[in-house]
2 protein chains.
Amino acid sequence: MARRSSASKRKEIAAADEPTAAVAQHTAWSPYNRVVVESIYPESDGGRYPVKRVVGGLFQVWADIFRDGHDVIGAALLHRAADESQWRRAPMSHHDNDRWSGVFRLERNIRHFYTIEAWTDVFGSWRSDISKKVQAGQKVELELAEGRQIAAAAARSGGAGAVQIRAVLERLAAATAPEEQVAALLDEGLQRVMAEHGPREDVSTHFQTFEVIVDRAQAAYAAWYEMFPRSQGTDPNRSATFDDCIKRLPEIRDLGFDVVYLVPIHPIGRLNRKGRNNSLRAGPGDPGSPYAIGSREGGHDAIHPDLGTLQDFARFVNSCHELGMEVALDFAIQCAPDHPWVTEHPDWFSFRPDGTLKYAENPPKKYEDIVNVNFYGPHREALWRALRDVVLVWVERGVKIFRVDNPHTKPIPFWEWLIREVQAGHPDVIFLSEAFTRPKMMKTLAKAGFTQSYTYFAWRIFKQEIIDYLTELTQSPCREYFRPNFFPNTPDILPPFLQKGGPPAFKIRLTLAATLSSVYGIYNGFELCEAAAIPGKEEYASSEKYEYKVWDWDRAGNIKPFVAAVNRIRRENPALQEFLNLTFWRADNDNVIFYGKMTANRSNIVFVAVNLDPFETHDVTLWFPIGEIGLGDADAFEAEELLTGAKHLWRGSAQHIRLDPQDNPVAIFRLAVWKHVDYRTPNP
Amino acid sequence: MARRSSASKRKEIAAADEPTAAVAQHTAWSPYNRVVVESIYPESDGGRYPVKRVVGGLFQVWADIFRDGHDVIGAALLHRAADESQWRRAPMSHHDNDRWSGVFRLERNIRHFYTIEAWTDVFGSWRSDISKKVQAGQKVELELAEGRQIAAAAARSGGAGAVQIRAVLERLAAATAPEEQVAALLDEGLQRVMAEHGPREDVSTHFQTFEVIVDRAQAAYAAWYEMFPRSQGTDPNRSATFDDCIKRLPEIRDLGFDVVYLVPIHPIGRLNRKGRNNSLRAGPGDPGSPYAIGSREGGHDAIHPDLGTLQDFARFVNSCHELGMEVALDFAIQCAPDHPWVTEHPDWFSFRPDGTLKYAENPPKKYEDIVNVNFYGPHREALWRALRDVVLVWVERGVKIFRVDNPHTKPIPFWEWLIREVQAGHPDVIFLSEAFTRPKMMKTLAKAGFTQSYTYFAWRIFKQEIIDYLTELTQSPCREYFRPNFFPNTPDILPPFLQKGGPPAFKIRLTLAATLSSVYGIYNGFELCEAAAIPGKEEYASSEKYEYKVWDWDRAGNIKPFVAAVNRIRRENPALQEFLNLTFWRADNDNVIFYGKMTANRSNIVFVAVNLDPFETHDVTLWFPIGEIGLGDADAFEAEELLTGAKHLWRGSAQHIRLDPQDNPVAIFRLAVWKHVDYRTPNP
């Protein structure tokens, strides 16, 4: 890593002595914010980071709102899309204990801002007071005069509602008895008009503007298929091409996937190229790791000539789109030593005292086939813009999803900037964070803007650890910004459970990934139950990361029908297309996990039972939460097992099932609540 | 309430259309904040409000701190008193899971600011890398050159430590073998110097400055005695004087109180003066409510002539100080209709359509003896300053504690401003919020700056509700800013429990107030078990709020020895002088509550058992948490009951006691852990 001079360092330390970015909280004070607005929900990190939602949904915002004394207050949720300059207003209403909420629909796939405004409702306060006095039989002449003044001023202001207010004032002028005057001024129509158009005092605004990233639906519901393009062919001695990949697309569509994710498709460096099984020196025919990007044929915006041309790639993208799928690309920032940037922009890299390029390393491990860019070198801004432009080039070429390689080894401020920059023009772009690292870094990448995140799912195998992890993801504050994408395997991860458990293990892990999370993916070979590992490691033997591979996509022992069935069930059951609706329920066997999801209106109710033991059959009693789904203890319900089509008419919470790894390692039940017809009242 | 014109209102709404105070979170972004600093603890409301501590204590601040990659980072807790312009630095250290903490001592009774700075430790990162490479047997020539460059630059910069660094560089120059060079550069002394004075990259600062109010010790530990000065004499037909009050001070000191709190001592209005028992018309000799402040004799800065002169008041203050007590005054902003301000500053008040002054009311209730100021009238700033100056006048006269009447009927921004203004010059001033209202308003008053707060304690009588409430106060986020002051009675509150329970009830409530909370108080008459109420209400019959009263301070049935004993026990046991150290423990009788407090070093350990039933004797088994106090199950410990002096030698967790309301409604045990001497090793 190149280090700046000690002198510039000193300056930095001196400047930081009074942190310029620091905001003291009392600057948020204003004498006029009389109505207190606090404890906003949702928000992330006290408003520092955006929360995330998907387009089309309702966005409900909560806050504590109150003021001194007993005056009546009003409040509005102010919101605007990032490209709008005027706030829109949604009314807020009081629930209890000074807790208010307002709601608006997220109609566009674009970031939105929101804040809250509250005020004293002058006429409403007057109305509340006089009502109590009238009820107590007190004289109210002066109060009537005050009410007339408020209404008259509102009428004079000429805004909307002035006509209605004037009509009331005319009735008032005609009325002589105080009771008639009271009745006119307490008229409910008048109150409605005045609440909307009448005078507001003490207009107070929360000191922060909050942000919500409104993603397209695919950000929260999709099934991914990860492929090595060069291994989609039939000749083990040469790279497959995009045309070979195109041939595979109908099969992938039939398996039910939405996203075809390609590992890097760029030219691969020749300097220090890695050989088979990650050996240090490549043999003459070895293609190298696609993550060592760049050679004389081009860099991050180029295509490996062995795969085809830009035109071939365009045909691949079009073929995906025609089949209703889309393409995800890898965004791996590291460069091969012979990447064009190294000679064109040496200032973007770090050099050692002997003038040689500094390779990537995590001592004592060395990665001599790649070099990292220096994010804080002398031409920081040019480098950051160039990296952003790499993303934008592929966006122009029809790619709207990027799986980002190792984002936790690049600066968080860079990601926050890059994602905001790209989404400013293309809010439909999705970024998946491939960080397998410490929990807080993973969460902060998500806060900084990553649409989806890899997770610890691959290493959560047993019942309690799955429940604990999913409870954290669905119930802790990270639920507002961290969207998991569950991969049971990746080119780097072949967990021992899959190595040892055979096809039942693959079915178990696929079902968990696809039904616990609404976004999941598999790396090609999973459907074939590929389990050959380097002994003692969780790495694939003869990984296609370092060599050409030819797969028989229909080889014996594959679970393709099962994969297709699970993806079909996801498509047909909206409850499985959500994530935060996950709840675990009681199953009296530690080898069986039992959970359910339902839509908010209960129109779709799905329960899943998974035998986590790939070796043995387990009997289990499941406790269906029949109260939660609107049934009484004695009511009957229909449970359809969606993999087999078997139907049960069940009654009561506890139901016994048997899960045989070879036959049915999992059961996915859709519940139908039978309408209760009371024949004593035949026309309900 | 005077309402501003509708036109000005419209302008306000239009201006608010783009809330100017709103801070969008992405403005907190800086490309250079590479080291992530987040999840600061303690803080209140995402940094919006200060937290509170007392002087002399250690202030520990926690944060998540991490960066991309594997470089070594450093961090410092930056802190400064409000009157200092330069940050001081306390080093932070890593605990686990990216959680760091730093600590500094709060040496002065003044608000402090704090934030966190973190950076990449350039030399530390280099040292970590080369150590791993040396261990792996790799060649490190280039690394040595890099290390030498870093050290040489640090030496050239000439800062502290340069001499030490130069000495190492000279050793290096003399060394020829790489091993010697490695040894010189990995020298631990050099690492310490370089961590402190070496180069720092990526200097990152949290975007907020946080604030901690550092109060004097009395803010968190004090016993208050509330008195009506005019009722401290012997003639029921005239006001007592400050001299009468002075005569009572030795007795109050002997009872063990620290603060003598006087209800308002200002001239009382004559217009609409209230008569006995809150009747609408005062009789000729009726003195009126001291909360109807101001008459032709003066306003909030004057003294009621019947009580004496400013000189008499000064003598009273001095007498208190000489006895080791201090004076608290009531700050009640409302004015009598004949308060001098009403004629001098009519623009500070509200008038009705007929030109008459608007009295205070909470419809249908009317308070015709008082008028409220209009906090947002045309001369808002002058009014606010005048109110602040009222406080400052009394500060000049030796009063440093203010009990604020009904703060929840005045604007929160006003309090936030006034308390900050007063404490800027007088950080030793304590404000007690007398708000009995909805929970969020009570908490927000505390956030806005009130040093202490009245609570719901008077209405928490039974075991579970006491545990629930105290658990909220000690365990929820409000623990950082809400300091309770427990009053079992006030001039407005004589709870049915006290009305009906006789002396045992008073002993029970006193013990709870004084040992659950570290700050508590009683209103005079409590020590006499005064219990005469208006039937069906929780108000005192013939309240001295509306008449002169003569008390026999030694009348039969008083519990003065008990009060003195409890206050003595508080003084002698530091564990009772803290609040957040409260923990509840198991007692197998719902009428008996059992809790304990101990100092952090376990040098003082106190447990309290209270029979909450004032009528019947209860037997109970208490479970002492002997593991928590460092004892094994079979160890013996001494338990001294501090009210009786009775001592027990107990062994094991479960101990049986009997609490008889007439004899010992409460038991306060101080535990002594007997040192275990192993006679096989006679010189431990």
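Okay, here's what the table says:
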{"read-out": "Filter result for B:Glu416 (within 21 Å of B:Asp492 (Cα to Cα), at pLDDT 95 or above and of a type in the set (Asp, Glu))", "value": "no"}
{"read-out": "Among residues of the stretch A:98-119, those that are within 15 Å of A:Tyr41 (Cα to Cα) and open to solvent by 40 Å² or more (accessible area, probe 1.4 Å), counted", "value": "2"}
{"read-out": "Residues of the stretch B:46-69 satisfying the condition of being within 12 Å of another protein chain (Cβ to nearest Cβ), in contact with a strand residue (DSSP E or B) (Cβ under 6 Å, 6 or more places away or on another chain) and not aliphatic (A, V, I, L, M)", "value": "B:Gly47, B:Pro50, B:Asp64, B:Phe66, B:Arg67"}
{"read-out": "Lone unmet requirement of (1) within 14 Å of chain A (Cβ to nearest Cβ); (2) farther than 30 Å from A:Ala136 by Cα; (3) among the polar types (S, T, N, Q) for B:Ser350", "value": "(2)"}
{"read-out": "Matching residues in the stretch A:492-507 - criterion: being open to solvent by less than 50 Å² (accessible area, probe 1.4 Å) and part of a helix (DSSP H, G or I)", "value": "A:Phe497, A:Leu498, A:Gly501, A:Gly502, A:Pro504, A:Ala505, A:Phe506, A:Lys507"}
{"read-out": "Enumeration of residues in the stretch A:131-159 that are of a type in the set (Gly, Ala, Ser), open to solvent by 20 Å² or more (accessible area, probe 1.4 Å) and more than 7 Å from every other protein chain (Cβ to nearest Cβ)", "value": "A:Ser131, A:Gly137, A:Ala152, A:Gly158, A:Gly159"}
{"read-out": "Cβ pairs under 7 Å, 6+ apart, first in the stretch A:29-43 and under 14 Å from B:Met442 (Cα atoms) and among the basic types (Lys, Arg), second open to solvent by less than 20 Å² (accessible area, probe 1.4 Å) and not in a strand (DSSP E or B)", "value": "none"}
{"read-out": "Failed item, numbered, when A:Glu179 is tested on (1) facing chain B (nearest Cβ under 10 Å); (2) exposed (fewer than 14 other Cβ atoms within 10 Å of the Cβ)", "value": "(1)"}
{"read-out": "Within the stretch A:612-655, tally of residues that are under 13 Å from A:Val666 (Cβ atoms), under 33 Å from the mean Cα position of the chain (by Cα) and not acidic (Asp, Glu)", "value": "6"}
{"read-out": "Candidate set from the stretch A:190-202 (those that are open to solvent by 20 Å² or more (accessible area, probe 1.4 Å) and of a type outside the set (D, E, K, R)); member that is nearest to the other protein chains (Cβ to nearest Cβ)", "value": "A:His197"}
{"read-out": "Options A:Phe414, A:Phe375; residue that is within 11 Å of another protein chain (Cβ to nearest Cβ), more than 24 Å from the chain's Cα centre (by Cα), within 28 Å of A:Pro439 (Cα to Cα) and open to solvent by less than 50 Å² (accessible area, probe 1.4 Å)", "value": "A:Phe375"}
{"read-out": "Test: residue in the stretch B:207-218 that is open to solvent by less than 30 Å² (accessible area, probe 1.4 Å), touching an Asp or Glu at 6+ places or on another chain (Cβ under 7 Å), in a loop (DSSP other than H, G, I, E, B) and not hydrophobic (A, V, I, L, M, F, W, C)", "value": "no"}
{"read-out": "Within the stretch B:292-402, strands (runs of 3 or more DSSP E) holding 1 or more residues that are modelled with pLDDT under 95 and within 30 Å of A:Glu146 (Cα to Cα)", "value": "B:359-362, B:365-371"}
{"read-out": "Candidate set from the stretch A:591-602 (those that are without any contact (Cβ under 8 Å) to a residue 60 or more places away in the chain and not in a strand (DSSP E or B)); member that is surrounded by the most Cβ atoms within 10 Å (Cβ to Cβ)", "value": "A:Thr599"}
{"read-out": "Neighbours by Cβ (under 9 Å, 6+ apart or cross-chain): first from the stretch A:425-450, within 13 Å of chain B (Cβ to nearest Cβ); second acidic (Asp, Glu) and assigned to a strand (DSSP E or B)", "value": "A:Lys440/B:Glu38; A:Lys440/B:Asp64; A:Thr444/B:Glu38; A:Thr444/B:Asp64; A:Lys447/B:Glu38"}
{"read-out": "Selection count, the stretch B:547-561, where residues are surrounded by 14 or more Cβ atoms within 10 Å (Cβ to Cβ), out of contact with any Pro (no Cβ under 8 Å at 6 or more places or on another chain) and without any contact (Cβ under 8 Å) to a residue 60 or more places away in the chain", "value": "1"}
{"read-out": "Any hit, the stretch B:390-407, residues being surrounded by 21 or more Cβ atoms within 10 Å (Cβ to Cβ) and facing chain A (nearest Cβ under 9 Å)", "value": "yes"}
{"read-out": "Answer residue from the stretch B:219-231, given it is part of a loop (DSSP other than H, G, I, E, B) and open to solvent by 10 Å² or more (accessible area, probe 1.4 Å) and is farthest from the other protein chains (Cβ to nearest Cβ) among those", "value": "B:Tyr221"}
{"read-out": "Of the criteria (1) out of contact with any helix residue (DSSP H, G or I) (no Cβ under 7 Å at 6 or more places or on another chain); (2) outside any strand (DSSP E or B), which one B:Leu144 fails", "value": "(1)"}
{"read-out": "Subset of the stretch B:608-625 (residues that are open to solvent by 10 Å² or more (accessible area, probe 1.4 Å), closer than 15 Å to B:Gln655 by Cα and not charged (D, E, K, R))", "value": "B:His618, B:Thr621, B:Trp623, B:Pro625"}
{"read-out": "Counted residues, the stretch B:248-295 - those being of a type in the set (A, V, I, L, M) and closer than 23 Å to B:Leu357 by Cα", "value": "6"}
{"read-out": "Qualifying positions in the stretch A:524-546 - within 31 Å of the chain's Cα centre (by Cα) and either closer than 20 Å to A:Ile265 by Cα or surrounded by 20 or more Cβ atoms within 10 Å (Cβ to Cβ) (or both)", "value": "A:Asn524, A:Gly525, A:Phe526, A:Glu527, A:Glu530, A:Ala531, A:Tyr540, A:Ser543, A:Glu544, A:Lys545"}
{"read-out": "Count of the stretch A:566-590 residues which are surrounded by 20 or more Cβ atoms within 10 Å (Cβ to Cβ) and farther than 23 Å from A:Trp224 by Cα", "value": "1"}
{"read-out": "Cβ pairs under 6 Å, 6+ apart, first in the stretch B:105-130 and without any contact (Cβ under 8 Å) to a residue 60 or more places away in the chain and within 10 Å of another protein chain (Cβ to nearest Cβ), second part of a loop (DSSP other than H, G, I, E, B) and open to solvent by less than 20 Å² (accessible area, probe 1.4 Å)", "value": "B:Asp129/A:Pro363; B:Ile130/B:Val140"}
{"read-out": "Residue count, the stretch A:269-281 (criterion: open to solvent by 10 Å² or more (accessible area, probe 1.4 Å), closer than 28 Å to A:Val393 by Cβ and not polar (S, T, N, Q))", "value": "4"}
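Here's the yes/no breakdown for (1) part of a loop (DSSP other than H, G, I, E, B); (2) crowded, with 23+ Cβ neighbours inside 10 Å; (3) at pLDDT below 95:
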site	(1), (2), (3)
B:Ser239	yes, no, no
B:Lys247	no, no, no
B:Asp254	no, no, no
B:Gly285	yes, no, yes
B:Pro290	yes, yes, no
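The values are calculated or read from the model by the stated rules, or taken from the named source; none is laboratory data. Just so it is clear, the structure is predicted and the values come from calculations on it, not from any experiment. Because the Cβ atoms are built from the backbone with ideal geometry, glycine has one as well, and the counts that use them run over all protein chains shown. Remember, those area values only see protein heavy atoms, side chains included, never the ligands or the DNA or RNA. Shrake-Rupley method; radii C 1.70, N 1.55, O 1.52, S 1.80 Å.
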